[in-house]
Every structure is written in structure tokens, then in C-alpha cells.
Amino acid sequence: MFDLFIYPFGFKENEEYSYLTGYFVGNVHRKATRTRVEDIIVIRFTPFRKLTEEEENQINQMVAKTGSQYYKTKGPITTAAKIAGEFFNNLLNQINIKNTSHSPILGSFHLLVLNKDDLYLVHAGGSTSYHLSRNRIEKFEDRTHGIEGIGVGKSIKLRFFHSKINESDRIILTTKPSKNWTKEALFDNQRLSISYLRRSLRQLSQDDFEAVIIQFRNGNGSVHQLKLDSAEFSTSNNEDINLSVQDIPPVSTSSTSSSEKYEDINKDPVPLNEIEMEISGDEPLDDLSVELPNFVTGENSEITITDTDQITEQFQLDIFEDVTINQPKKDEEIPSVQSLDGIFLSGDTWESGNNDKEKVQTKKVSKIESKAFAIFLISVRKFFHNLNENYKTFTNNLKKSLQKVIKPSSRSSVEKDPNSLSSSSMLMIAILVALFVSAIGITVYIQSGLGSQQTELIANANLLISDALDDPDVNNQILMYQEALRLVTESESYGKSESITEIKRFIQTQLDELQGVTRIDIQPTIFGGLDKRIQISRMGSNANGDVYALDSGTGRVIRMIATRPDYVIDNSFVCGPGKYGNVIVDPLIDIEPVNYANKINTSLMGIDKRGNLLMCVPGNDPIAIELKRSDLNWGEIKALAFNGYSLYILDSGDKNRDIFRYPSNDYAFDQVPKSIFSSNVPENLAGSLDISVNQEELFLIHANGQLTRCNLNQLTCENNIGYGLILGGKTRESYSVLPGSKISQVYVTLPPDPSIYFMDENNQAIYHFSMALNLQQQISPNLSSQAKNLDESSKLTAFTVNPNGIIHFAYGNLIYFGYLP
């Protein structure tokens, strides 16, 4: 984590000033969302014209509210930054609409976000930033603004940049920089001192300018506001120009903002503790403590007075309210007053002239510090005492264990001192300690490397999210969000956190909106689940609500009967490999529910790889039939389908491939099959995955995701008929394959709502199409409703849809159901 040393300043008519309108520095405040805890932000709005005092107050309040909006926004950093930028632009537009007596307020917008060592820069309206490191200089520039800046419309074009921060790196935020601020000039004048960089910028500039310089140093997330001391105004030739430093508490406290006021010339400086008491009490403030804006309600305030006729106040903000800030006139002549105690950037201290008040302050602070230090010493003593007791316990247990394992080198020594260790025991302890220390070192090293890899993945995902938010093309947005989701998922292999989960949830929500995904809550089909050795590969359901699941490991079918609120297993149901009559059935490879009345009361069909058909009957033994073959032997039986009067078998072998039709013949299936293709068997039938039928049509899924539809009455087929999609609110377009999908199963439902459903293994989703092949919705289970057992890594292995509007999902041995919208 880094500390920020910040110096805002400007030059006008060869005069330097450090009060900038529209400048805000913030750490997280109490109402911030958890994912913003480690973010430090700097906001800078640079107006293009001179503002009135009232307009300056309005702009200062707007940037403070924008900071509050950022910390309240959930999601990735880029999303929070985008919302904050749009929030500020909206406030600025409201002011410009109401303000009819003056020209509109236009300007450039900077938003800097630091999260650990990741730096995000957001530009709009012509802002420019420089990143100066020890070995290179980067310039980030917004070139799309034209000349108008922001504040002229409701929309705002934000540019996002990302960079890595190292120790002593510096950032310059400015607008319309001088042409002399080239990378070569800045790199030649590189010095670690902010004062030196400030003087270099002044020497390189011929026109007036305003800028914010930020330097990063290893620390705890504190923000240090820098200010010129009187020496800078007495001489411009001094090489070691000092800047006074005021500390803002680290990130773990609250948001911070800065503004400047002026003091009464008749008042002496007041110690910091007296100012704090006056601010927190009910008594009216004197002229020195000045009137504080109501939206500043923090616990601490620090005021530094310098010879530059300025006072800088630092506040901890808990809330932001819509209150006017009373700014004094800048042209007022104020004699110099010596500053309170502080430090310079060089490390030197400067002392206050008011020794009496210094002593009073020191006594109060010393008393508090002494009490705190005493409590600290007690806690430290208690800690080491407990540590010593634990160490003794550990060593005694270790001695006893080693004495049992290792034979002492000297029996006499043990007799003399039973607690002593032999030389071999001591050697073993030394080896164990060395191994233990090495293990700790290796673990720390590995964790450090893994953390940097995770940070890099998250940073790249944030940039993709930013590009997707700005891209008008829906297809491009989907691709970028999918890649961002892949990166975030990969980052979770290095460790999970709430912030990463929130980013992932945001990406998934955006993808759901773009792809028309409907997420439904699910609940277990079987309370307690199935045996962990079961792997469900196929499912089917009857109109009465019964659900069937095929275990790919055993080739056996599990029947589940609908009860309330879930389902129960029918242990008496027999449907799997075995000898039935004279037919030996191997493990089943596919199943098909029978939703037609029949004399044998079969409710399910199954088939094995040798072409043996098994008709399963609840409450009775199944009936097995050895199907007659065609002239050729079976290649690779993949699936079966049944429409009430004909049975269809998909053989997708490399050499022998076809779709055979068996007439039912009152469920005897005793005739020789015929090909639905006659003699024109398509070449791409090899490797096909699944088939499903209704009364007149058969749908075939190929290995590449293409779809074939066959008319069963005319025995004609149409290859690659496409999927009808409407993306981005445009007209219907036919796609050869569903973008980004891997379709492996197809299921056709019966009336009253005949539809076609496809299972997508890539997106773990179900596509619902009409019989005209127009996409109705993409259905995905809400995994968070079953977070204990399911997550994004869970693989969808099978599904089925009940005509009554219930859909079942199988994840290996886990089966869940939900209700279709």
C-alpha cells in the first residue's frame, strides 16, 4: 500500500497559488460499500472560464458529492468510476440549465483511483495526465473532447487508462499542458522532489496553468496534503524548496476533502486541540477557526497557517450534504503569521512561535499518549507471556514425542535427567526447525507471486469492462464481457474475495441483460441428493410429473415421483442392464420418456450400445427387445427418440452412420428398420450428438452445433437451418450456430406449449426456442440460491422440461428443479 503526497497548485500572472476549485481527495467513508475500502480517489474538475464565488462553492460541493457517489457504488472500479463521472456531469448540466445569466460552466474532468498498486485514470473533456517513474514517462491524453469540454450534454465520453504504481512514482493531473511538457523534457529533469518537479513545470510553461502533483511512497494508505512554506516566496533561487505537510488519516478512516479559508488579521494562531474543541462544541466559532461548511462533520480538523496568507483545512468527511461553502475574498491583504508545528517534505521540522500554547497542547497530548502507551505495554507483556507458555508446552510435548521415537545415545544420561535430549534428538529438532522455516519462506514467496498475478488479471478484466460499457455494438460487448468473466474466473484460482465475487456478479448481470438470460431460483429435486458416485447424463419426464435420470456409470435409470415439496425415489423401479427373457441388456446410453397410452404400460424406453431396446414399466420388470439391424452392423448408437408410432435411432459412427426408423407395430418393434435419408446419408452425420422428435419433425444436433430439421412425412431434411435470434433490439437474424455456445442435447416438449430446448455446456444454460426456431429466452439457474453445493465451476450434465412448466437441471449427482417464467 502507498501513501499519497499531493500538491495542488497553479500559476497566474507569475503568481503561485495552491487553492484549486473543483479539487477533492478521498478515502473510504463510513457509508462506503465494502469493495471500495482499499480505494483512494482524487477528483479534479478544471473550469474553462473564471467562476463567481457562488459557482466555486457549487463546484466544490459537486466534486465532494461525486466522491461520495463513487464510494457508495458497488461493482468493478471502472463501473464505479463511470457512474461517478456521469453523476458529476449530470450535476453540472443541472447548474448550466438553471443558470441563464452567465455562460455555461464547461471544463475537463479527472478521476484518479488507486487500489493497492493499480492506478486507474478517468479522463473527460480534454484532461491530460503524466505518469513519471524512474525509467519511463507515460502520457495519458483525451483527444476526443474537441474544444467544448464537459457540461454541454447529458452524455459524457469517458476514457479509461490503467498503470502500475511503484515506490516514488509521480502523477501530474492537468488540462491543456504546455507544448514544452514533452516526455523528453520531463525525463531530463527528473528528480524525486515534488518541489523540483513543480519548478521544472513552471520553467517549461509560458502560459498560466493549474496542476496536481501526486507522489507515491510505501505506507499505510495515508494522504498527505503538501503546501509551500514562506521560504518559497522569499526566494526563487533556493534549490531545496520545502513544502509543509498535513496528514490525512489512512484509508481505514473516512473520506477526506480539502478547501482553503482566511483568518482574521487580529487573531493569533490557536493550537490544534483548541480548534477541535471549538468545532465540536456548541459555542460559536471565532474568526480563526472560520465558519465550517455543514457537510463537514468529521471528528478531526487540522489547520496549517503559512506566510502565504493561506490556511489549509483538512477534514474527515462522514457524509456530504447540500450546503453552501462560504469562501472569503482572495484579494484581501493579510499579514503573515507563523505556522503551527509541522514537517517539510525534506524531513525538517519547523516550530511555532507560540511556546505557551505549544506547552498546553503538548501536555494534553502527552497525557493521552502516556495512557495509551501504558495500555500498549500491558497488552505486549500479556502477549509475550502467553507466547512463552505456549512455547514451553510445545517443547515439552516435542521432547516426549522424540524420546519415544529416537533411542537415546546414552542411557545413563536419561537416568540422570529424564527431560534431557540426546544428540540425535537435538539434531532432529534442528532439521525440523530448518524445514519449518523454509516452508514458511516458500509459502510467503508463492503467495506474493500469486497475489500479483491475480491483481493483473483483475486489472485487465476492469479494462475490458470499461471498453464494453463504451462499445455500442452488442456482439462486441458480449465478447468483451465473456473474456472479462474468464479472466475474473481465472483470478479466483489464486484466492476468492468479496470484491472479486462482486465483479463477477456484475459481469454476469451485464451478460444476462445483453443475452436475454432469465435466471430462475432452484431447489433440490431429491432432499439430501443422490449417491456421489452417480453421474447423471440424460433426463426425461412424463406428463404426470415423474422424472427419470440415467446414471452414465451404471447405465441404470432412477425414477423420481413428484411429492410436495420435492420428489422421492422409486426404489422398486427396475430399468437398467441385466437379462430379461432371452435378451441381455448392456448399460443404457440414452433414454426416452413415453407419454402415449399403451397396452404394456411402459413409461420409459432405453437403449444400449448393441441396439437392445428396454421398455421399463413401473411396478413390473422391463421388457427387452433385440432390434433388427439393417444390412450393416451398428456403428455408434448415440440417441433414440419416439413420437408414439415410430422409434428413431441415431447411429453416428464414422463408417456406419444413419438415422433408422422402426415402426411401433403395437410396441413390438419387430420390423427391419429403414433410413430416413434413403440413400443420401449426409457426411456430417458422423459425430452427431442428439435427436428429438414431435409428431411430424425430427431435430438433429451436429457436433459443430449446427441444426438439421427433417420432415418425417415427406422424409426430407434441411441441413443447417440456423437459429433465429434478435440481438440489440434489431430485426431477426439467423445464425448457423449459437454464438459462444456448445450445444449437446435437444429436447422437444409436447402441447400445450410445444417448444424446443437446447442445452449449452459452455454457458451452463438452456435455450428455449419456438417451433419456428425463434429464441424465446435463455434460461440459467440462479446458483446463488444453492451456494452451498453449486458454483460457477459446476458442470451442467443433463436437463428435462415437464409440460407443466417445471425444468430440472442435473449437475453430476445433484439434481435441482425450478419453475419456468
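The values are calculated or read from the model by the stated rules, or taken from the named source; none is laboratory data. Please read these numbers as outputs of a predicted model, since none were measured by experiment. Positions of Cβ are generated from backbone atoms using ideal geometry, with glycine treated the same way; all protein chains shown enter the neighbour counts. The protein model used for the area step is the full one, side chains on, heavy atoms only, and it has no ligands, DNA or RNA in it. Shrake-Rupley method; radii C 1.70, N 1.55, O 1.52, S 1.80 Å.
Enumerate the calculated ³J(HN,Hα) couplings along the range 619-626 in order (Karplus 6.51 cos²θ - 1.76 cosθ + 1.60, θ = phi - 60°), each rounded to whole Hz, writing x wherever the residue is Gly or Pro.
Computed from phi, the couplings for the range 619-626 are x, 9, 6, x, 10, 10, 10, 8 Hz.
R0 = 45 Å: FRET efficiency of D207 with S101, Cβ-based, nearest 0.05? Write out the running numbers ahead of the final one.
Numbers: r = 29 Å, r/R0 = 0.65.
Approximately 0.95, to the nearest 0.05.
Quick one: net charge around E626, please, counting Lys, Arg +1 and Asp, Glu -1 for every other residue with C-beta under 15 Å from its C-beta.
+2
Which pairs, out of K382/K496; K116/K183; K116/K154; K12/K116; K50/K139; K392/K788, put more than 30 Å between their alpha-carbon atoms?
K382/K496; K116/K154; K12/K116; K392/K788
Could you calculate the contour length gain from K599 to Q776, that is, 0.36 nm times the residue separation minus the distance between their Cα atoms, to one decimal place in nm? Let's see the in-between values first.
Working: separation 177, 0.36 × 177 = 63.72 nm, distance 3.73 nm.
Extending this stretch completely gives an extra 60.0 nm.
If you keep only loop residues by DSSP, which trypsin sites (Lys or Arg not before Pro) in the range 1-70 have at most 12 other Cβ atoms within 10 Å of their Cβ? Write out the running numbers ahead of the final one.
Working: sites: K12, R30, K31, R34, R36, R44, R49, K50, K65; in loops: R30, K31, R49, K50.
The qualifying sites are R30, R49, K50.
When a/c is below 1.5 the answer is rounded, else prolate if a/b is larger than b/c, else oblate, so apply that to the range 101-223 with a ≥ b ≥ c taken from the square roots of the Cα gyration tensor eigenvalues. Could you put the intermediate results ahead of the total?
On the way: a/c = 2.06, a/b = 1.38, b/c = 1.49.
Verdict is oblate for the range 101-223.
Could you put L158, L435, L715, L91 in order of accessible surface area, largest first, with the 1.4 Å probe and the full protein assembly present?
Greatest to least solvent exposure: L435, L715, L91, L158.
What full-extension length gain, to one decimal in nm, is calculated for E389 and A543 as 0.36 nm per residue of separation minus the Cα-Cα distance?
Numbers: separation 154, 0.36 × 154 = 55.44 nm, distance 7.01 nm.
48.4 nm is the gain from fully extending E389 to A543.
In whole Å, what is the distance between the alpha-carbon centres of the range 469-487 and the range 573-597?
46
Which GluC sites (Glu not before Pro) in the range 733-821 pass both tests, a DSSP loop state and at most 15 other beta-carbon atoms within 10 Å? Write down the numbers at each step before the final one.
Details: sites: E733, E761, E792; in loops: E761, E792.
Sparse-neighbourhood loop GluC sites (Glu not before Pro): E761, E792.
Keeping all protein chains in place and using 1.4 angstrom, which order do D570, D117 fall into by accessible surface area, from largest down?
On the way: D570 25, D117 55 Å².
Reading off the accessible areas and sorting them downward yields D117, D570.
Gap in Å between the Cα centre of the range 689-764 and the Cα centre of the range 159-223?
Going from one Cα centre to the other spans 59 Å.
Of the trypsin sites (Lys or Arg not before Pro) in the range 506-603, which ones lie in a loop per DSSP and count no more than 10 other C-beta atoms within 10 Å? Before the final figure, lay out each step's value.
Working: sites: R519, K532, R533, R538, R556, R559, K579, K599; in loops: K532, R533, K599.
Hits after loop and neighbour filter: K532, R533, K599.
Express in whole angstrom the spacing between the alpha-carbon centres of the range 1-24 and the range 606-641.
Using only Cα atoms to place each centre, the spacing works out to 82 Å.
Spin-label point model (7 Å from Cα, Cβ direction): what's the E792 to N684 distance in nm?
3.2
N582 to T518: extension gain in nm, 0.36 nm per residue of separation minus the Cα-Cα distance?
Details: separation 64, 0.36 × 64 = 23.04 nm, distance 4.91 nm.
Going from the current span to full extension adds 18.1 nm.
Under 5 Å between amide hydrogens, which residues at least 5 positions from A765 or on another chain qualify, with H placed 1.01 Å from N in the peptide plane?
Hits under the 5 Å cutoff: D760.
Going highest first, how would you order 766-772, 804-810, 457-463 by mean Cβ packing within 10 Å? Let's see the in-between values first.
On the way: 766-772: 17.4, 804-810: 20.4, 457-463: 22.0.
The peptides rank, most packed first, as 457-463, 804-810, 766-772.
What FRET efficiency comes out for D670 versus S452 if R0 is 60 angstrom and r is the Cβ-Cβ distance? Round to the nearest 0.05.
Values: r = 69 Å, r/R0 = 1.15.
Taking R0 as 60 Å, the efficiency between D670 and S452 is 0.30.
So if R0 is 60 Å, what FRET efficiency would I431 and V568 give, r being the distance between their Cβ atoms, rounded to the nearest 0.05?
Working: r = 59 Å, r/R0 = 0.98.
It comes out at approximately 0.55.
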